[in-house]
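Written out below as structure tokens is the structure these notes cover.
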Amino acid sequence: MTATSKPAFSPQEIAAVGLKPEEYAEIVHRLGRHPNKAELGMFGVMWSEHCCYKNSRPLLKQFPTEGPRILVGPGENAGVVDLGDGLQLAFKIESHNHPSAVEPFQGAATGVGGILRDIFTMGARPIALLNSLRFGSLEDPKTQRLFTGVVAGISHYGNCVGVPTVGGEVYFDSAYSGNPLVNVMALGLMETSEIVKSGASGLGNPVLYVGSTTGRDGMGGASFASAELSEQSIDDRPAVQVGDPFLEKSLIEACLEAFKTGAVVAAQDMGAAGITCSTSEMAAKGGVGIELDLDKIPVREMGMVPYEYLLSESQERMLFVAHKGREQELIDIFHRWGLQAVVAGTVIAEPIVRILFQGEVAAEIPAEALAENTPLYNRELLAEAPEYARKAWEWTPDSLPPSTTAGIELQGGLQSWNDILLTLLDTPTIASKNWVYRQYDHQVQNNTVTLPGGADAAVIRLRPLKEDKGTRGQGGQGGQGGQGGQGGQGGQGGQGDKETLNAQRGVAATVDCNPRYVYLDPYEGAKAVVAEAARNLSCVGAEPLAVTDNLNFGSPEKPIGYWQLAEACRGLAEGCRELATPVTGGNVSLYNETLDSQGIPQPIYPTPVVGMVGLIPDITKICGQGWQASGDVIYLLGLPLASKLSLGASEYLATIHGTVAGKPPRVDFDLERRVQKVCREGIRNGWVRSAHDSAEGGVAIAIAECCLAGNLGAEINLEIAPTQLNRLDEVLFAEGGARILVSVASAQQGIWESYLQEHLGQEWQKLGTVGNFETGLGVFTTDNQTLIKVSIEDMSDRYFHAIAKRLAIHTTTTPEEVRS
């Protein structure tokens, strides 16, 4: 039966593919007929929020996307920035939230595989991975299962494919109990002479299907990712893809080799919506059509129908448009790497996607209708902040118990500042993530400069790519990482005619978001996300360049959900403009809500994760967060401690007092720019020996983390106003203020302080000196009253074992034991 003779569908069938009745009516209007089942499925996935951003696209237009280093902005598989000396960096962040909620291992693993394909589809060799993870309370057995499964999935795929996982963040909060967030960021260094784009062109050019076979796994994953999670979501396991990292490694090498032949016109990976998405997007971007014959597609299961072919999200698959006459050259390359490669279609003049099956037309839809001219919803924004926010903003520190130099009176009695500090260090969100990153191979490829946990941002050496006759040399295959073990070093590109200009250049990367800030004030909270990401890069000496973002929110169809999304986008846009970090692309993940047993949706905290990259001119001039030597002088850059900062939205308020309220700290972008520049210049001039920003837990936690990273103590003298003695928790644990802790050798103290006076005026403060291991951490008032006196051993015990203790798993547990 042809595509023109199918009857209408029931409301239940329409809803089952994620479409609304009015959207179905629009489909009938555009086609001039009712769609068949395959076409209905195609519209269902392509008109899902996951694919077409129908609720968020109008908001994304306000993001700055251009800059002197931006080579490719939003709209392609990944953004690309110019690093100078002929080096170009591709980078992108994507989410795999819903799949990870129902099948954490494969959900997370295929999230890694998908973001890697976005990178090498551009012609870039993947060089690093980062991840941003959110879970519920770690005391909850369900959270423990999700957490251990996600970490095992990330480590499995990344380790096996030979790309180092070099950094990230992990948060724990009950807001994510039923809906964890798994956001993965990848970086790649361009290896091809031209950036590979995705728009099809050249009438009559062959369309090649390459990579793995097609099965029924991942069916309708895009629609699944655009709906709330419920207790029945476990039944959607078929919507979770299954990955093969060893096959993906071969696919990386085969694709890069194929691109270098010049025979590839365009390329697109098959991610969300599989064949449907790749054919329609390539056709729409090129202003042409694609005819594809499903009988040519290599399959792993028998008896598949067009609906299944078109909606399958089987992993490790790509679609190429090749120059006519050169298809066999490409097929031979993929066969040599043990991969599938067939000519499955043709570029046609009519701007449609025409799908053939068993000699008949199985689907025929205008490409624009699927990929570009999709529904858009301009929703009404609340005239004022919702009630939950207004009520939270009424909070004042007057509601807290009074504090003294001895501590603060809580329900269980007097808690000393030592007790408070150790409790915060034991909080999983603040505590060391060593249980996580020890499962990742973070040194494969041998370019990782800073190891996880050692600095505020990951630093990767940019191994020079020699050029020969205008084409960059191809690096050899890296040794394969074992389960949590270290893989071998990748081979270096062959030497060409051109000399290397700079062998010391590096790139820094970070992922950041404080979701509590965004929940309490989406606009200010989102600005703080951008500021913290830039601050983290500056703490390793990197100049912030550009951003990729992952917008994780609840339902935009609810007034509060849309207000959070719209205000956060406004804040992100302003932050990126202020710090000159354009957005090159990203991902939107909405409907992150869990339906409880009564059917009431419980949304996550609004979580706009920012992935930011920065340039390091010389990787010998960077620093980590740990103190370097006893006797070094400690400084606080940014607002001095005598400046009053609120405890609103702080980790201290949430953990110690069980209160999520107040307003997050407001960002002073002028101060941020000046503090970050001073920090970068201090590092590059060799004055600054360590740098660490003050974030969750405030200055006291930042000082403790520097002690733990360097295995050295510190003696801190607080110069504060007498009135602050009544609210010492604000001095110790308040957040914000564009603050960075640095240490400087005593011999450099004079020149450093002169530099600070010139560039920061009064917005810096000398705090004390670095001690040795035995002295531990001591924090004193100017009249010699002791606020904190704690040993390195006590802090280490809380900080390094907090996660393992809650999992009741020893820190030496292997990934194999976790999976079992």
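The values are calculated or read from the model by the stated rules, or taken from the named source; none is laboratory data. All values derive from a computational prediction rather than experimental measurement. Please note: Cβ atoms are built from the backbone with ideal geometry, for glycine as well, and neighbour counts cover all protein chains shown. Heads up: the accessible areas ignore ligands, DNA and RNA and are worked out on the full protein's heavy atoms, side chains in. Shrake-Rupley method; radii C 1.70, N 1.55, O 1.52, S 1.80 Å.
Observations, loosely collected:
- Taking first residues from region 26-55 that are open to solvent by 40 Å² or more (accessible area, probe 1.4 Å) and partners that are charged (D, E, K, R), the Cβ contacts under 6 Å between residues at least 6 apart in sequence or on separate chains come to His34/Lys6.
- Filtered residues of region 446-461 (kept if more than 14 Å from Gly626 (Cα to Cα) and surrounded by 24 or more Cβ atoms within 10 Å (Cβ to Cβ)): Ala458, Val459, Ile460
- Qualifying positions in region 547-572 - more than 20 Å from His98 (Cα to Cα) and assigned to a strand (DSSP E or B): Val547, Thr548
- Filter result for Val633 (open to solvent by less than 20 Å² (accessible area, probe 1.4 Å), at negative phi, among the hydrophobic types (A, V, I, L, M, F, W, C) and within 16 Å of the chain's Cα centre (by Cα)): no
- Exactly one residue among Glu774, Glu816 is within 28 Å of the chain's Cα centre (by Cα), exposed (fewer than 14 other Cβ atoms within 10 Å of the Cβ) and at pLDDT below 95, and that residue is Glu816.
- Of all the criteria given as (1) outside any helix (DSSP H, G or I); (2) touching a helix residue (DSSP H, G or I) at 6+ places or on another chain (Cβ under 8 Å); (3) surrounded by 18 or more Cβ atoms within 10 Å (Cβ to Cβ), the one not satisfied by Arg798 is (1).
- From the options Gly67, Gly18, residue that is outside any helix (DSSP H, G or I), open to solvent by less than 60 Å² (accessible area, probe 1.4 Å) and closer than 17 Å to Tyr591 by Cβ: Gly18
- When we screen Val361, Val343, Val353 for residues that are open to solvent by 20 Å² or more (accessible area, probe 1.4 Å), in a strand (DSSP E or B) and in contact with a strand residue (DSSP E or B) (Cβ under 6 Å, 6 or more places away or on another chain), the only hit is Val343.
- Verdict on Ile333 being touching a residue at least 40 places away in the same chain (Cβ under 8 Å), open to solvent by less than 70 Å² (accessible area, probe 1.4 Å), more than 19 Å from Leu19 (Cβ to Cβ) and out of contact with any strand residue (DSSP E or B) (no Cβ under 6 Å at 6 or more places or on another chain): yes
- Strands (runs of 3 or more DSSP E) contained entirely in region 663-749, each with at least 2 residues that are out of contact with any strand residue (DSSP E or B) (no Cβ under 6 Å at 6 or more places or on another chain) and free of Cβ contacts under 8 Å to residues at least 60 places away in the same chain: none
- The set of residues in region 562-596 being open to solvent by less than 10 Å² (accessible area, probe 1.4 Å) and basic (Lys, Arg) is empty.
- Residue in region 597-606 that is at pLDDT 95 or above, of a type in the set (Gly, Ala, Ser), assigned to a loop (DSSP other than H, G, I, E, B) and open to solvent by 10 Å² or more (accessible area, probe 1.4 Å) present: no
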